[in-house]
1. Based on the mean of other beta carbon atoms within 10 Å per residue, what is the order of 76-87, 150-161, most packed first?
2. For the range 28-168, what does the relative contact order come out to in percent, with C-alpha contacts under 8 Å and a separation of six or more?
3. Quick one: which of 27/92; 89/198; 89/150; 95/198; 27/89; 6/95 span more than 23 angstrom between C-alpha atoms?
4. May I ask for log10 I(q)/I(0) of the range 159-198 at q = 0.30 Å⁻¹, from a Debye sum over the Cα atoms as equal point scatterers with solvent left out?
5. Rg over Rh of the range 123-180, using C-alpha atoms and the Kirkwood radius, what does it come to?
6. Ordered by packing density, taken as the mean number of other Cβ atoms within 10 Å over each peptide's residues, highest first, how do 181-189, 94-102, 26-34 rank?
7. Among 42-48, 131-137, how do they line up from the highest to the lowest mean number of other beta-carbon atoms within 10 Å?
8. Please report the base-10 log of the normalised intensity I(q)/I(0) for the range 81-146, using a Debye sum with one equal scatterer per alpha carbon and no solvent, at each q in 0.17 (1/Å).
Amino acid sequence: MFNKQKKYTIIASCVIVAIIFLDQLLKIWVKTHMTLGETIPVLGNWFNLYFVENEGMAFGISLGQNLGKLMLSLLRVVLVVFLCWYMHKQIKNEKMDGITLTILCLIIAGALGNIIDCLFYGLIFNESTFFVTASLFPEGGGYAPFFYGKVVDMFYVKLFHIPDGFPLWGGSYFFPAIFNIADSCITVGIFLAIIFSKRLFKEFDKKEEESCSELEEAASNDNL
């Protein structure tokens, strides 16, 4: 029988590896079977595979090229290291619960999925174009150096059309962003973190209460 620590460690490892595997499997398929801008209908007209690449954050948000992209990649790595350390600490101290584990696994796996694109895709793929699909491990080498790969996105959901007169987004479809499995995991993890924020930060609240109690006790002793 596994104790609680081993159980949570095994579950976390399996979930993270499974998400990264599915995310990378789909990205590699899209990269090697679709040209940029190509669309494949999946469920009618409202859900499609639409191949795009981006330089930046989730849902195509960009922080600029070169230095901005490098800083973003490094920030992702630091975030993943911190979250892994925090998860290990909570499991080791037997303070982990199912909700917190789920949130951390989703965010870590999602971040790692996009980190892999940034770190390695420029090395192992040649450039995707609007006319030719990319090749894995091309003879001429990759399209970008280490840390400068592009993130592959493919999910395009057209739920309903926004009226033309609507500010900013008029004329487009609701939720026009194109995203991937990793982006979805990060988003779900963040929403869960917001919903269950009290549970996530209960340890910090407890420490704050203990500090306040100690200060009040010290003040009382001084008055005596």
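Please treat every number below as a calculation from the coordinates, not as lab data. This is a predicted model, so every value here is computed, not measured. Don't worry about glycine lacking a Cβ; one is built from the backbone with ideal geometry, like all the others, and counts go over all protein chains shown.
1. Order by mean packing, descending: 150-161, 76-87.
2. Details: 198 pairs, mean separation 48.2, N = 141.
Answer for the range 28-168 is 34 percent.
3. Among 27/92; 89/198; 89/150; 95/198; 27/89; 6/95, the Cα-Cα distance tops 23 Å for 27/92; 89/150; 27/89.
4. -0.88
5. Reported Rg/Rh, Kirkwood definition of Rh: 1.20.
6. Details: 181-189: 21.3, 94-102: 15.0, 26-34: 18.1.
So the order, starting with the most tightly packed, is 181-189, 26-34, 94-102.
7. Details: 42-48: 11.9, 131-137: 13.9.
Result, highest mean first: 131-137, 42-48.
8. Debye curve over Cα of the range 81-146, log10 I(q)/I(0) at q = 0.17 Å⁻¹: -0.67.
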